[in-house]
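Participant: First, the structure itself, so that you have it in front of you.
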Amino acid sequence: MGVLATAMAGQFSRRSFLISAVLAGGSLVVGPRLIQPAGAAENTALNPFIRIPAAGKIQLVIPSAEMGQGVYMGISTLIAEELEVALDQVEAVAAPADPAVYGHPVLRDQITGGSVTIRGFYEPMRRAGATARVMLIAAAAREWGVDPLSCRAEAGQVLHPSSGRRLAYGALAAKAAEGPVPETVELKPASEFRLIGKPHLRIDTPAKVNGTAKFGLDARPEGVKFAAVMLSPSFGGTLKTVDDTEALKISGVRQVVKLSDAVAVVADHTGAARKGLAALHLTWDAGPNGGLDTAELERRIETAMDGEALVALDHGDVAAAEAAGGPGIEVVYRMPILAHSAMEPMNCTVHVRADSCEVWVGTQVVARARQGAAAVTGLPLEKVTVHNQLLGGGFGRRLDYDGVTMAVRVAQQVDGPVQVVWSREEDIRHDSYRYLNLSRLSLRLGPDGMPVSWRHRVVGPAVMARFLPLLFKDGIDLDQTGGAESPYDIPNKRVEFVRHEAPQGMLTGNWRGVGPTRNAPAIEGGIDEAAHLAGRDPVAYRRALLTNNPRLRGVLDLAAERAGWGTPLGPDRGRGIALMPDFGSFSAMVAQVHVGGDGRLTVERIVCAVDCGQVVNPSVLRQQIESGVVYGLSAALYGRLTMENGAIVEGNFDDAPVLRINECPPIEVHIVDSTESPGGVGELGTPGVAPALMNAIFAATGKRLRALPLDTSQLKRT
Amino acid sequence: MSFTLNVNGTTHAVEVDGDTPLLWVLRDVIGLTGTKFGCGIAMCGACTVHLDGMAVRACVTPVETVGTAAVTTIEAIGATDEGARVQKAWLDEEVVQCGYCQSGQIMSAAALLAVNPSPSDADIDAVMAGNICRCGTYPRIPAAIKQAATELASGEGR
Ligand code: FES
Ligand code: FES
């Protein structure tokens with residue numbers, strides 16, 4: 001994640017940490033294993049990731065969840081490259097919950113997030129493919145009584161060129177599984193890649209253009225009923241009274257399930273369930289947060305900012321540099337409460353039986369979801385099965401499994417399987433929010449105009465304390481503070497952390513771009529402010545502060561050049577740049593905006609330069625950068641939830657708008673050729689958007705916005 | 001109440017209240033899950049289907065208003081010229097990410113091409129602005145629609 005990359009910054013070289021962890025990580029079992037999933041008994045598993053049927057497509061078991069980021073394609077590419085099969089000879093299937101086998105090598109859990117999938121699995125998945133290939137070749141050689149070295153593999157077959165013999169993998173798999181597992185295998189050099197780095201078309205998308213792809217909401221176990229659910233509007237509130245007389249009269253409604261903090265109407269179809277839910281007469285006890293509103297939440301975090309802080313990083317002597325005086329800036333960047341609003345609202349289908357529990361859900365944490373279901377039911381883990389589905393977007397929302405436990409609680413009271421469907425309103429009003437965040441930045445410039453001190457106070461929740469304690473150290477959330485020191489060469493730097501949590505009962509979590517997204521506006525806005533204070537060009541200023549970071553300088557120069565940095569734009573237009581060195585990758589983004597006299601903001605163009613090391617698929621890489629940019633644009637322009645009476649006010653795309661196609665600027669993605677270790681790209685496009693826009697708006701208008709979403713009413717000049 | 005629906009050329013008799021949105025009848029009663037739920041208030045386009053070739057939001061279309069109109073969903077749109085070309089262009093241009101919004105995007109695009117065989121960028125924006133994509137596939141959609149339009153005009157691509 002930013003989680004990883006930022007947290008490891010300053011402690012380990014990110015890459016060396018990852019690689020040593022991956023190599024040391026014995027968690028990946030690459031020996032043959034008996035896997036006999038229902039209905040696939042004819043498959044031979046050469047290792048947990050590769051199942052070969054006698055005929056038909058080879059199944060590749062993908063340890064990470066597919067949520068649009070192209071991981072089914074990415075992992076399949078890595079395995080197929082070494083297995084010597086074409087991409088149309090394989091199909092990707094979701095891994096079961098089994099962290100010992102499918103856990104991420106560094107996170108040591110089945111977590112799909114933080115843009116760490118390819119970084120963690122790049123080598124293990126190629127190794128899995130190569131191991132299986134060697135076993136298949138050995139089986140063929142035994143069969144033919146020839147030297148394995150005289151055989152080779154190609155397109156799903158083993159060939160013996162000198163005799164012209166060939167055998168398909170399907171005919172060899174069972175025998176290959178009986179043979180020894182090679183202890184070491186040699187991996188291809190990059191020069192021999194036929195799949196990695198090439199723009200092959202995704203293998204998961206044909207099913208997504210004809211309605212056959214199965215998302216969580218498409219699970220249809222035999223006899224399934226449908227439940228519409230409403231959770232306590234105020235966080236931490238409880239259900240007081242339910243009058244379900246009218247609801248139960250509605251045709252198709254079967255049952256009303258009452259929980260301490262929620263109510264669900266179960267029906268033959270979701271239409272009746274939703275109608276029934278609307279017909280309930282409910283009263284709620286608002287609970288401890290009933291009096292809270294946005295103004296109070298903001299007052300609390302502003303107060304916290306002036307309180308005690310922990311020191312996350314202290315280089316040089318910031319206090320002395322500040323005492324020495326000189327021009328500087330002291331500014332606060334403010335970030336709002338954000339929802340994820342994945343396109344597929346939260347949902348989960350559950351069948352609780354006396355001695356077992358079966359769950360169908362699209363989740364980024366399949367093993368945790370299983371544990372959650374086991375905890376609610378009291379069943380032993382092995383009695384709980386989770387079938388992971390395609391995710392209609394994740395963005396960090398599905399890193400939490402509160403939707404699973406809620407659905408299991410409903411299902412415990414229902415005879416047979418039930419699909420619990422959240423409305424969009426429930427989805428927005430009960431998210432795992434990106435909570436309020438503040439960044440206070442103090443900078444001092446030396447006589448040459450370059451910064452001599454950088455003090456960054458980060459104020460916000462410590463999500464890692466509950467989500468990944470590995471990244472919560474001595475009271476500091478390393479995801480929140482990692483990278484807050486900026487990538488710039490500044491002799492004195494200090495990062496401070498004030499932990500400030502949301503009210504009890506309001507879940508806060510990971511949001512696309514995690515820590516780097518919350519820090520980027522202050523860092524890239526702050527350095528821009530310093531450049532202007534020094535009277536220097538923002539690109540030249542940054543370049544001068546990156547003497548030790550050639551890859552970041554490289555993308556800075558590339559983005560500036562492609563965006564035509566420095567060429568005149570005329571009145572009311574401006575360009576702004578923002579850098580993002582994280583997730584094991586490097587990117588720079590130039591935004592070009594027009595600001596009308598009435599304050600109307602038009603984002604005219606976004607130019608990105610990306611160096612993510614070895615590219616697995618350039619087409620998917622471009623998709624992911626575009627995706628991250630659009631996600632960042634939505635948040636920068638519109639993202640803000642408000643609270644009244646302890647409840648989120650906004651509920652749907654009318655009052656919580658997101659970017660639409662007519663507002664989407666052209667997005668250019670320029671890729672740096674590189675054979676460095678692959679970096680993450682799923683979140684790389686998001687963090688830079690807000691600061692690039694803030695900086696562009698300043699260039700166009702001279703007005704510096706430091707709060708999100710961008711308040712264009714402040715930009716009116718007529 | 002009972003209704004007889006013509007969905008993708010097949011007749012279905014369903015027993016639901018007349019105000020039930022067509023979306024849930026398709027997904028939960030008939031079992032065609034390709035049409036998606038995103039908002040329930042005609043703000044996102046995920047539920048777009050065709051009634052006699054016209055794009056409508058199934059989440060706000062009461063089943064009692066459908067009558068004898070031919071309902072076409074994503075599962076059958078590939079049988080039309082526009083639908084098949086849009087699907088192909090979507091794959092060629094690598095539009096799709098999570099895919100959840102794409103049934104609706106494709107249904108909207110196919111309906112657009114049926115009435116406007118060579119849409120301008122503004123035409124595309126005007127129609128496709130009703131379809132939200134949280135994965136941000138917007139930059140690729142105009143090019144894909146134009147490819148489909150070109151192939152339709154030349155009779156290629158099927
Ligand atoms: S679900 Fe119908 S428009 Fe959103
Ligand atoms: S492809 Fe995921 S919402 Fe559009």
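The values are calculated or read from the model by the stated rules, or taken from the named source; none is laboratory data. Being a predicted model, the structure only gives us computed values, none of them experimental. Using ideal geometry, Cβ is built from the backbone for each residue, glycine included, and neighbour counts are taken over all protein chains shown. We work out accessible area using only protein heavy atoms, side chains counted, and drop any ligands, DNA or RNA first. Shrake-Rupley method; radii C 1.70, N 1.55, O 1.52, S 1.80 Å.
Participant: Work out, step by step, the length gained on full extension between A:ALA174 and A:GLU222: first 0.36 nm times the residue separation, then minus their alpha carbon distance; give nm to one decimal.
Facilitator: 13.9 nm
Participant: Segment A:381-402: which residues show an accessible-area loss of 10 Å² or more, assembly versus chain alone, 1.4 Å probe?
Facilitator: Hits at the 10 Å² cut-off: A:GLY392, A:PHE395.
Participant: Run the numbers for A:LYS214 and A:GLU296: contour at 0.36 nm per residue of separation, minus the present Cα-Cα distance, in nm.
Facilitator: Working: separation 82, 0.36 × 82 = 29.52 nm, distance 4.28 nm.
Extra length from A:LYS214 to A:GLU296 when fully extended: 25.2 nm.
Participant: Here is a further query. Quickly work out the A:ASN662-to-A:LEU282 label distance, labels modelled 7 Å from Cα along the C-beta direction, and quote it in nm with one decimal.
Facilitator: That separation, rounded to one decimal, is 3.5 nm.
Participant: Per q in 0.04, 0.07 Å⁻¹, report the Debye log10 I(q)/I(0) for the protein assembly as shown, using one uniform scatterer on each alpha carbon and no solvent.
Facilitator: -0.18, -0.56
Participant: Charges only on Cβ, +1 for Lys and Arg, -1 for Asp and Glu: so what's the dipole of segment B:77-153 about the Cα centre, in debye to the nearest 20?
Facilitator: In total the dipole reaches around 180 debye.
Participant: Do any GluC sites (Glu not before Pro) in segment B:75-158 lie in a DSSP loop with no more than 15 other beta carbon atoms within 10 Å, and if so, which?
Facilitator: Listed in order of number, the matching sites are B:GLU156.
Participant: Could you list the trypsin sites (Lys or Arg not before Pro) in segment A:640-718 that lie in coil according to DSSP, counting only those with at most 15 other Cβ atoms within 10 Å of their Cβ?
Facilitator: Listed in order of number, the matching sites are A:LYS703, A:LYS716, A:ARG717.
Participant: Now a separate question. How much length is gained if the chain between A:ASP557 and A:ARG166 is pulled fully straight, taking 0.36 nm per residue apart and subtracting their Cα-Cα distance, in nm to one decimal?
Facilitator: Numbers: separation 391, 0.36 × 391 = 140.76 nm, distance 5.17 nm.
Taking 0.36 nm per residue and subtracting the Cα distance, the gain is 135.6 nm.
Participant: Sticking with this structure for a sec: Over chain A, what relative contact order in percent results from Cα pairs under 8 Å that are six or more residues apart?
Facilitator: Computed value for chain A: 15 percent relative contact order.
Participant: Follow-up. Can you compute the FRET efficiency between A:TYR638 and A:ALA155 using 1/(1 + (r/R0)^6), with r the Cβ-Cβ distance and R0 = 56 Å? Round to the nearest 0.05.
Facilitator: So, using R0 = 56 Å, E works out to roughly 0.70.
Participant: While we're looking at this one, here's another question. With each pseudo-label sitting 7 Å past Cα toward Cβ, what's the A:ARG704-A:ASP448 distance in nm, one decimal?
Facilitator: 2.3
Participant: A follow-up question, please. Computed FRET efficiency, Cβ-Cβ of A:ASP537 and A:LEU470, R0 35 Å: what is it to the nearest 0.05?
Facilitator: 0.30
Participant: Past 19 Å, Cα to Cα: identify those pairs from B:LYS88/B:LYS146; A:LYS214/B:LYS146; B:LYS36/B:LYS146; A:LYS214/A:LYS258; A:LYS208/A:LYS275; A:LYS214/A:LYS275, in the order given.
Facilitator: Pairs exceeding the cut-off: A:LYS214/B:LYS146; B:LYS36/B:LYS146; A:LYS214/A:LYS258; A:LYS208/A:LYS275; A:LYS214/A:LYS275.
Participant: A further question on this structure: Pop the C-beta distance of A:GLN714 and A:GLU382 into the FRET formula with R0 = 41 Å and round what comes out to the nearest 0.05.
Facilitator: Efficiency at R0 = 41 Å is approximately 0.10.
Participant: Need one number for segment B:77-153: average projected area of the convex hull over its C-alpha atoms, nm².
Facilitator: Result: 4.2 nm².
Participant: Could you state the principal axis extents of the C-alpha atoms in segment A:373-425, from the largest down, to the nearest angstrom?
Facilitator: Principal-axis extents of segment A:373-425 (Cα, largest first): 30, 22, 16 Å.
Participant: Calculate the mean, over all residues of peptide B:85-98, of how many other protein chain Cβ atoms lie within 10 angstrom of the residue's Cβ.
Facilitator: Across B:85-98, the average partner-chain Cβ count within 10 Å equals 6.
Participant: A follow-up question, please. Given Cα positions, please report Rg to Rh for segment A:533-604, the hydrodynamic radius being the Kirkwood one. Each step should come with its number before you reach the end.
Facilitator: Details: Rg = 13.7 Å, Rh = 13.4 Å.
With Rg and the Kirkwood Rh in hand, the quotient comes to 1.03.
Participant: Of all DSSP beta bridges located in chain A, what percent are antiparallel, nearest 5?
Facilitator: On the way: 85 of 115 bridges.
Given both bridge residues lie in chain A, the antiparallel proportion sits at roughly 75 percent.
Participant: Separate question: Principal axis lengths of segment A:328-473 from Cα atoms, whole Å, largest first?
Facilitator: The Cα atoms of segment A:328-473 stretch 74, 32, 23 Å along their principal axes.
Participant: Let me ask you something else. Between segment A:656-687 and segment B:24-92, what is the C-alpha centre distance in whole Å?
Facilitator: Cα centres, segment A:656-687 to segment B:24-92: 30 Å.
Participant: Hey, which lysines would be in cross-link range of A:LYS473, C-alpha to C-alpha under 24 Å, not counting anything within fewer than 8 residues on its own chain?
Facilitator: In chain and number order, the partners are A:LYS493.
Participant: Could you work out the helix-only [θ] at 222 nm for chain A, with each DSSP H run of four or more residues adding -39,500 (n - 2.57) and the total divided by the number of residues, to the nearest 500 deg cm²/dmol?
Facilitator: -9000 deg cm²/dmol
Participant: Please give me, ordered by residue number, the GluC sites (Glu not before Pro) of segment A:660-718 that lie in loop per DSSP and have at most 16 other Cβ atoms within 10 Å.
Facilitator: Those that pass, being in a loop and sparsely packed, are A:GLU676.
Participant: A further question follows. Using 7 Å Cα-to-Cβ label points, what is the B:GLU15/A:GLN413 separation (nm, one decimal)?
Facilitator: Here the answer is 2.7 nm between the modelled labels.
Participant: Between segment A:217-288 and segment A:492-507, what is the C-alpha centre distance in whole Å?
Facilitator: Result: 35 Å between the Cα centres.
Participant: Report, as an integer, the average count of C-beta atoms from other chains found within 10 Å of each Cβ along A:274-287. Walk me through the numbers on the way to the answer.
Facilitator: Details: counts 4, 5, 0, 0, 0, 0, 0, 0, 0, 0, 0, 0, 0, 0.
Average neighbour count from other chains, rounded to a whole number: 1.
Participant: With the full set of protein chains in place, find how many percent of the accessible area of chain A is carbon and sulfur; take the probe as 1.4 Å.
Facilitator: On the way: 12630 of 24680 Å².
Roughly 51 percent of what the probe reaches on chain A is carbon or sulfur.
Participant: Separate question: Would you mind working out the magnitude of the charge dipole of segment A:142-204 relative to its Cα centre, with +1 at each Lys and Arg C-beta and -1 at each Asp and Glu C-beta, to the nearest 20 Debye?
Facilitator: 260
Participant: Output the peptides A:332-344, B:13-25, B:109-121 sorted from most to least packed, where packing is the average of other Cβ atoms within 10 Å over each peptide's residues.
Facilitator: A:332-344, B:13-25, B:109-121
Participant: Between the alpha-carbon centers of segment A:115-168 and segment A:558-632, tell me the distance in whole angstrom.
Facilitator: Centre-to-centre distance over Cα atoms comes out at 43 Å.
Participant: So in segment A:318-456, what percent of DSSP beta bridges are antiparallel if you round to the nearest 5?
Facilitator: 80
Participant: Among the lysines, which have Cα under 18 Å from the Cα of A:LYS703 when same-chain residues fewer than 8 positions away are ignored?
Facilitator: Within reach: A:LYS716.
Participant: Cα-based Rg of segment B:2-72 per 2.2 N^0.38 Å, rounded to two decimals?
Facilitator: Expressed relative to 2.2 N^0.38 Å, the Cα Rg reads 0.96.
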